[in-house]
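Structure record follows, encoded as structure tokens.
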Amino acid sequence: PEPSEAQLQRLLEAWFQAKAAVLAGQAPALPPSQLAVASLVAALDQDRQADLDRGETQTVTAKVTSLEIASRSPERIEAKVTLRYGDERRNEAGNLLDQTPEGERQNTYVFGRNQKSWKLERVIFQAS
């Protein structure tokens, strides 16, 4: 069965939660590899390793406010997503190094079917 918009939103929010946990140096509730393709997981792991090397952590907040399917095929779904996003980067002492104030963003998220499950495959960032 094809995933609904609500199911895709839950998958995307689970990815945001897993990503936030990894970047904060915590264990995610679900392994990122269950939610996204290997290239996105590898990029997340590289980001975390770079932070570790610098003694930094990131706090990321992301909440989907709307999701609309833009195109759909049996193997691929493209969704236009509006989300509230913000982040902070801190050093080991807890001092704020950098931040993105929380605000609304619109990106396109591409989901692909891998055998029986759907995963996040690609993010197309809209220029702000």
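The values are calculated or read from the model by the stated rules, or taken from the named source; none is laboratory data. Quick caveat: nothing in here was measured; it's all calculated off a predicted structure. Using ideal geometry, Cβ is built from the backbone for each residue, glycine included, and neighbour counts are taken over all protein chains shown. All accessible areas refer to the heavy atoms of the entire protein, side chains included, with ligands and DNA or RNA removed. Shrake-Rupley method; radii C 1.70, N 1.55, O 1.52, S 1.80 Å.
Residues in the stretch 15-29 carry Karplus couplings, in order, of 4, 4, 5, 5, 4, 4, 5, 4, 5, 8, x, 10, 7, x, 5 Hz; the curve used is 6.51 cos²θ - 1.76 cosθ + 1.60 with θ = phi - 60°, and Gly or Pro positions show x.
Using C-alpha pairs below 8 Å separated by at least 6 residues, the relative contact order for the stretch 1-49 is 33 percent. Carbon-plus-sulfur accessible fraction, the chain (probe radius 1.4 Å, protein heavy atoms only): 48%. Annotation: extensible slack from Ala29 through Thr59 equals 9.2 nm (criterion: 0.36 nm per residue apart, minus Cα-Cα distance).
Output the antiparallel fraction of DSSP beta bridges having both residues in the stretch 9-128, as a percent to the nearest 5. All intermediate terms of the calculation are to be shown ahead of the outcome.
Details: 37 of 38 bridges.
Of those bridges, close to 95 percent are antiparallel.
In sequence order, the stretch 109-121 has phi-based couplings of 10, 10, 10, x, 8, 10, 6, 9, 10, 9, 9, 5, 10 Hz under the Karplus curve 6.51 cos²θ - 1.76 cosθ + 1.60, θ = phi - 60°, and Gly or Pro positions carry x.
According to the Kirkwood relation over distinct C-alpha pairs, the hydrodynamic radius of the chain is 15.3 Å.
Between the listed residues Val37, Ala6, Ala21, the Cα displaced farthest toward the positive end of the dipole of the stretch 1-48, a dipole computed from Cβ unit charges relative to the Cα centre, is found at Ala21.
Taking θ as phi - 60° and the Karplus parameters 6.51, -1.76 and 1.60, the scalar couplings of the stretch 44-56 work out to 5, 4, 5, 4, 5, 5, 4, 5, 4, 4, 9, x, 10 Hz in sequence order, x denoting glycine and proline.
Probe of 1.4 angstrom, ligands and nucleic acids ignored: what's the accessible area per residue over the chain, in square angstrom?
59 Å²
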